[in-house]
Amino acid sequence: MTDVVIRTEDWQTLPWQDYQRNVYRLQKRIYQAARRGDQKRVRNLQRLLLRSWSARCLATRQVTQDNRGKRTPGVDGVATLKPEERLTYARQLRYLSRWTIDPIRRTYIPKPHNPTEKRGLGIPTMRDRAMQALVKLALEPEWEAGFEPNSYGFRPGRSTHDAIEAIFNFIRLQPKYVLDADIEKCFDRISHEGLLAKLHAPQPVVRLIRDWLKAGILENGQTLFPEAGTPQGGVLSPLLANIALHGFETFVSRNTRHHRVVVIRYADDFVILCDDLDVLREAKTHAESWLAEMGLRLKAEKTHITHTLNEQDGYTGFDFLGFTIRQYKVGKYHAHKRHAEYKTLITPSRKAMQRHLRELKALIRHGKAVAAHRKLRSLQPSIPRYAAGRCTISPVWQHDCSTNWIACYTTSSCGGRVSATHAKRMAGGIAAIGGRSART
């Protein structure tokens, strides 16, 4: 599994399927050893994976070819690599103990829910991103064996739909009080000492992670050295955030009495569900005390208590991960016999639909001289993708989502071929919808 001799094969002709099988087999053994509690075997297998030629090639390929930000340069300006340079990177990843960390380039992007606000990203160099991908391959199986069951963000095999399904299963038989909360600047304020204390990795890996956390951030010609936080933009940052927040769900749910408390967390967004208001407020106090130990706190503007069925503090239902979750009272002929007074509906949130319509509006207004059928062809990838992200929720939203009829045309059995007249009418309808959403 290690490169004993100097490899001269071409990058494109490498046996990638064999490499993926080799890495998967090692990761599976790490996961199983972690489930058994055999830490010695976990460390030995992690060292084997870090030295593996297959893992080093896959880590290099991930950051140079597969990731969406593969052409984003760091402070060294390297944005693309030739095949022979990728092989050189894979060979250099062998020397873990002698690896030196480069500074991080700071850049800002608009937040999805509020384009006027900016989110700071820390972009490591290409070589550091490759090393982070390799370290993630070794650490992720161990932590996946012990992560809490209701943690869904940035984890393999889990998605937003799993978090929404967990909420539905808990509230469908009885209405609940909900603490809808957000951690303020979670990635920027995680305590380095608290995070490093949770790591139980080989010593070279701990040293690398400490250096990445303490790496200088280059911004406007100045180098800043952070005292807290994990830089967003790195391959390893989501896993480190999950490690830092590990134990939050267990602490909050076990420190309450007589009533069951459930914590559903997706990265730095979470909800706490309980059928008793006083117990929920007590759980909020426990959550704030646990977060304070990690240098974190709740964002007051986005934290409130509501109820899934009745009005509470001016709120009814709540928004989570782009969905609106709410229960409605119904008559006895429209309800299930086990919960005869209400029905649970999960629909896309108003903000999510308006954001999607703004994206469609921007695509339509870009290139006004383009023919309508060609413009619809450019819209075709985004509309089914948005609909697929909401395909497992209640069908009621289709009556309110104005893009549903467009999706029916652009994904029809005729392969999306529509007449110029229909295409012009549909494009005009989308533009009008985008104008209304912008005014609201």
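The values are calculated or read from the model by the stated rules, or taken from the named source; none is laboratory data. Everything numeric here is computed off the predicted structure, so don't read it as measured data. Every residue, glycine as well, gets a Cβ built from its backbone with ideal geometry; the counts of neighbours run over all protein chains shown. The area values use the complete protein model at the heavy-atom level, side chains included, leaving out ligands, DNA and RNA. Shrake-Rupley method; radii C 1.70, N 1.55, O 1.52, S 1.80 Å.
Summarise the accessible area of the stretch 243-318 (1.4 Å probe, protein heavy atoms) by the percent that is carbon and sulfur. Kindly include the intermediate steps, with their values, before the conclusion.
Numbers: 1460 of 3560 Å².
Carbon and sulfur atoms account for 41 percent of the accessible area of the stretch 243-318.
Summarising the label geometry, the points placed 7 Å from Cα in the beta-carbon direction at I109 and Q17 lie 3.3 nm from one another.
Leaving out ligands, DNA and RNA, and with a 1.4 Å probe, what % of the accessible surface on the stretch 49-208 is carbon or sulfur? Roughly 49 percent, rounded to a whole number.
Can you tally the net charge around I217? Count Lys and Arg as +1, Asp and Glu as -1, for every other residue whose Cβ sits under 14 Å from the Cβ of I217. Write out the running numbers ahead of the final one.
Working: positive: R105, R106, K214; negative: D102, D128, D188, D211, E219, E227.
That sum, taken over residues with Cβ under 14 Å, equals -3.
Between D38 and F225, the simple label model (points 7 Å from Cα in the Cβ direction) yields a spacing of 4.3 nm. Here K214 is the anchor, and the lysines within straight C-alpha reach of less than 19 Å, apart from those fewer than 8 places off in the same chain, are K136, K185, K198. If you plug the beta carbon distance of R210 and R350 into 1/(1 + (r/R0)^6) with R0 = 51 Å, you get a FRET efficiency near 0.70.
The solvent-accessible area of K82, taken with every protein chain present and a 1.4 Å probe, is close to 120 Å². With every protein chain in place and a 1.4 angstrom probe, the accessible-area ranking of L218, L298, largest first, reads L218, L298.
Where in the stretch 1-107 are there trypsin sites (Lys or Arg not before Pro) that are in a DSSP coil and have at most 11 other Cβ atoms within 10 angstrom of their Cβ? Walk me through the numbers on the way to the answer.
Working: sites: R7, R21, R25, K28, R29, R35, R36, K40, R41, R43, R47, R51, R56, R61, R68, K70, R71, R86, R91, R94, R98, R105, R106; in loops: R7, R68, K70, R71, R94, R98.
Counting only loop positions with at most 11 other Cβ atoms within 10 Å, the trypsin sites (Lys or Arg not before Pro) in the stretch 1-107 are R68, R71, R98.
Our estimate of slack between R119 and V330, defined as 0.36 nm per intervening residue step minus the Cα-Cα distance, is 71.7 nm. Protein-only accessible surface at a 1.4 angstrom probe places the residues D18, D278 in the order D278, D18, largest first.
What does the charge add up to near L240, with Lys and Arg as +1, Asp and Glu as -1, over the other residues with Cβ less than 12 Å from its Cβ?
+2
The distance between label points at A197 and D313 comes to 3.0 nm (points 7 Å beyond Cα on the Cα→Cβ vector). Ordered from largest to smallest accessible area (heavy atoms of protein chains, 1.4 Å probe), the residues T324, T80 come out as T80, T324. Net length available on complete extension from H366 to R254 is 35.0 nm, with 0.36 nm assigned per residue and the Cα-Cα distance removed.
How about the stretch 1-93: which GluC sites (Glu not before Pro) there lie in a loop by DSSP and see at most 14 other Cβ atoms within 10 Å?
Values: sites: E9, E84, E85; in loops: E9.
For GluC sites (Glu not before Pro) across the stretch 1-93 that sit outside H, G, I, E and B with at most 14 neighbouring Cβ atoms in 10 Å, the list reads E9.
In order along the stretch 40-55, the phi-based Karplus estimate (6.51 cos²θ - 1.76 cosθ + 1.60, θ = phi - 60°) of 3J(HN,Hα) comes to 4, 5, 4, 5, 5, 5, 5, 5, 5, 5, 5, 8, 5, 5, 4, 5 Hz; Gly and Pro are listed as x. Scalar couplings 3J(HN,Hα) for the stretch 152-164, obtained by applying the Karplus form with A = 6.51, B = -1.76, C = 1.60 to θ = phi - 60°, are 10, x, 6, 10, x, x, 10, 8, 5, 5, 5, 5, 5 Hz; x denotes Gly and Pro.
Taking all protein chains as shown and a probe of 1.4 angstrom, I183 keeps an accessible surface of around 10 Å².
Return the loop-located GluC sites (Glu not before Pro) in the stretch 129-232 (DSSP other than H, G, I, E, B) with at most 12 other Cβ atoms within 10 Å of their own Cβ; answer none if there are none. Listed in order of number, the matching sites are E227.
3J(HN,Hα) couplings calculated from phi for the stretch 351-357 with the Karplus curve 6.51 cos²θ - 1.76 cosθ + 1.60 (θ = phi - 60°) are, in sequence order, 5, 5, 5, 5, 5, 5, 5 Hz; Gly and Pro show x.
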